[in-house]
Amino acid sequence: MTTNTRRPQRYSNVAAAFHWTIAILLLVQIYVGWTFGDMERGAMRTDWFNWHKTLGLLILFLSLGRLGWRLLNPPPSFPIDTPIWEIWLARLNHAAFYVILIGLPLTGWAYISTGSGALTSSTTPLIGGLSFPFIQESLGKDTTPSRVRMALW
């Protein structure tokens, strides 16, 4: 019995769905971030900020799912005549996107975990009545926002 070890000719539908869902969410996230950043403090700004946090976490979880899918399902091969430097740059670019897509939401989570909200609550509010724990809640009760800030520094 032989197994088919050939790489696919194109990305799978799942990979394409991850790609386009994350791309659209990123565009919305940029719009939301720029919009609420210029608002006066108040209820409307808080609502927009909650959307920003919710979208960031959604992008994080989808990016982790996409990375897992990528590791389990090899991408298509490059055309045979692709120069080696182009292959190297494409792979470097792909890795950089994963660093950004996972790293930025994590730094956002770290940032809100060091704020005043972390002193009065164990979670940050999201859209739809959902909430997400601050880093110190994930690490244990004896971790204060100032310790998180120092660890991040």
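Among the residues of segment 12-65, how many are among the basic types (Lys, Arg) and exposed (fewer than 14 other Cβ atoms within 10 Å of the Cβ)? Spell out the reasoning first.
Filtering segment 12-65 for residues among the basic types (Lys, Arg) gives 41, 45, 53.
Still in the running and exposed (fewer than 14 other Cβ atoms within 10 Å of the Cβ): 41.
Looking only at that region, the number is 1.
For every residue, the table says whether it meets (1) more than 17 Å from Ile127 (Cα to Cα); (2) charged (D, E, K, R).
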position: Phe18; (1), (2): yes, no
position: Leu27; (1), (2): yes, no
position: Gly42; (1), (2): no, no
position: Arg45; (1), (2): no, yes
position: Lys53; (1), (2): no, yes
position: Pro75; (1), (2): yes, no
position: Pro79; (1), (2): yes, no
position: His94; (1), (2): yes, no
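Does Phe78 qualify as being loosely packed, with under 15 Cβ neighbours inside 10 Å, free of Cβ contacts under 8 Å to residues at least 24 places away in the same chain and outside any helix (DSSP H, G or I)?
Taking the combined requirement at face value, the residue satisfies it.
Only one of Val148, Val99 is at pLDDT below 90 and either within 11 Å of the chain's Cα centre (by Cα) or buried (at least 17 other Cβ atoms within 10 Å of the Cβ) (or both); which?
Only one candidate passes the filter, namely Val148.
Can you tell which of Ile22, Ile59 is within 21 Å of Leu130 (Cβ to Cβ), modelled with pLDDT of 90 or more and in contact with a Ser or Thr (Cβ under 8 Å, 6 or more places away or on another chain)?
Ile22
Report yes if Trp88 is without any contact (Cβ under 8 Å) to a residue 24 or more places away in the chain and farther than 19 Å from Leu130 by Cβ, otherwise no. Talk me through it step by step, then tell me what you get.
Values: without any contact (Cβ under 8 Å) to a residue 24 or more places away in the chain: yes; farther than 19 Å from Leu130 by Cβ: yes.
Yes.
Looking at Lys53 and the list (1) closer than 19 Å to Ala23 by Cα; (2) more than 18 Å from the chain's Cα centre (by Cα), which single condition is not satisfied?
Against the list (1) closer than 19 Å to Ala23 by Cα; (2) more than 18 Å from the chain's Cα centre (by Cα), Lys53 comes up short only on (2).
The values are calculated or read from the model by the stated rules, or taken from the named source; none is laboratory data. Source: prediction; values computed, not measured. All Cβ positions, even for glycine, are placed from backbone atoms using ideal geometry, and neighbour counts span all protein chains on display.
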